[in-house]
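Any read-out appearing in this document is the output of simple, stated calculations on the displayed coordinates, not a laboratory observation. Keep in mind that what you see is a predicted model, and the values were worked out from it rather than measured. Cβ placement follows ideal geometry from the backbone for every residue including glycine, while neighbour counts extend to all protein chains displayed.
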Amino acid sequence: MVCPVMSTGNGYVLGMIKNSVTIPCEYKNEGILERKNIAIEWRTSDSLIVHGFVHGEDKLYNQAPQYKNRTKIFQSQVEHGNFSLRLSDIIPEDETDYNCFFHKAGWSTSKRADTVRLIVAGHYTEPFISTSSHRENSEVDFTCKSSSGFPEPIVHWFINNKEISPEPGREHTTLDKDPSTGSFTVTSVLTVNVPQDLAVTCAIENERLGETRTSASFYYNKQKPDNSQPSSNTGVIIGICVTLAIALGIAGFLIYRRIKMPQRQQPQDGPETTPIADSTS
């Protein structure tokens with residue numbers, strides 16, 4: 001049999017992913033207690049044993065496996081009615097109601113000293129914006145990414161410092177869960193038609209923490225039309241023309257040189273003459 005709840009009025013505590021939290025439980029009706037004469041047990045709302053303390057020692061033989069090596073009682077404070085539980089390495093699955101039960105030697109039943117709900121959250125990192133290359137149809141994909149947070153956030157987009165409501169199909173948001181911590185990485189892709197230069201910003205809102213993280217503004221400069229810049233084809237044509245001009249110049253020089261060069265005289269056809277030798281009489 002369990003006696004009615006005697007709540008301290010705390011109601012709930014907030015625990016951050018991967019950190020530790022103290023779940024409070026105080027019992028002030030008995031004065032100074034002798035640890036060897038009392039028993040404390042923490043259970044979840046679905047009756048899993050989180051931690052046991054009996055006759056001055058921890059009793060963990062029936063502790064639920066998911067809480068192994070993650071819990072402790074402040075033993076030096078037990079005699080003053082402080083039965084608070086320390087829970088470490090918090091994960092989202094720890095979010096539930098925790099019941100603190102107290103039993104004293106001579107009692108026929110245990111008393112529930114308190115019920116406290118643990119709410120789990122995680123800070124998202126500052127979001128970062130990246131973008132795809134400019135498309136021919138002036139549409140650009142902007143990607144906003146943030147990690148290590150919990151629970152699922154709300155993504156806000158701003159263009160030129162004004163929040164927008166993307167049309168259906170123009171925004172796609174995905175969540176990836178870290179298997180070790182349970183935290184989320186959020187990736188949101190916004191497709192925008194870019195008629196002119198603009199500044200894009202995204203914000204990640206964690207309602208549970210009342211916290212919003214905003215990215216630095218991403219300044220996008222629209223590419224100039226192709227007809228305002230020499231195209232690669234134009235460059236090729238210019239190169240060919242220059243090459244032809246050089247070739248023609250060389251050919252002209254060679255022809256000119258050939259024309260101006262004096263030609264060797266060739267002997268005319270006729271009977272060969274024999275030199276007259278000097279004769280002596």
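Which pairs break 32 Å Cα to Cα here: K28/K72; K36/K68; K68/K111; K177/K222; K68/K145?
K177/K222; K68/K145, as the Cα separations exceed 32 Å there.
Using DSSP to call loops (not H, G, I, E or B), can you name the GluC sites (Glu not before Pro) in the range 137-221 whose Cβ has at most 15 other Cβ atoms within 10 angstrom?
Qualifying residues, ordered by number: E207.
Share of Cα-Cα pairs in the range 128-226 beyond 21 Å, in percent?
For the range 128-226, the share of Cα pairs beyond 21 Å comes to 35 percent.
Taking the alpha-carbon set of the range 2-121, what are its Rg and Dmax in Å?
13.4, 41
Given +1 on the Cβ of Lys and Arg, -1 on the Cβ of Asp and Glu, and no further charges, what dipole in debye does the range 128-226 carry about its Cα centre, rounded to the nearest 20?
Dipole of the range 128-226, to the nearest 20 debye: 180 debye.
Any idea how far apart R170 and I32 come out in nm if each label point goes 7 Å out from Cα toward Cβ?
Each label point is offset 7 Å from its Cα along the Cβ direction, giving 7.2 nm.
Based on other C-beta atoms within 10 Å, arrange Y12, Y61, Y27 from fewest to most.
Y61, Y12, Y27
Under 5 Å between amide hydrogens, which residues at least 5 positions from F83 or on another chain qualify, with H placed 1.01 Å from N in the peptide plane?
Residues meeting the criterion, in which the H sits 1.01 Å from N, are C25, E26, Y27.
So if I take the alpha carbon set of the range 46-176, get Rg, then get Rh from the Kirkwood formula, what is the Rg over Rh ratio?
Across the range 46-176, the Cα-based Rg/Rh ratio is 1.25.
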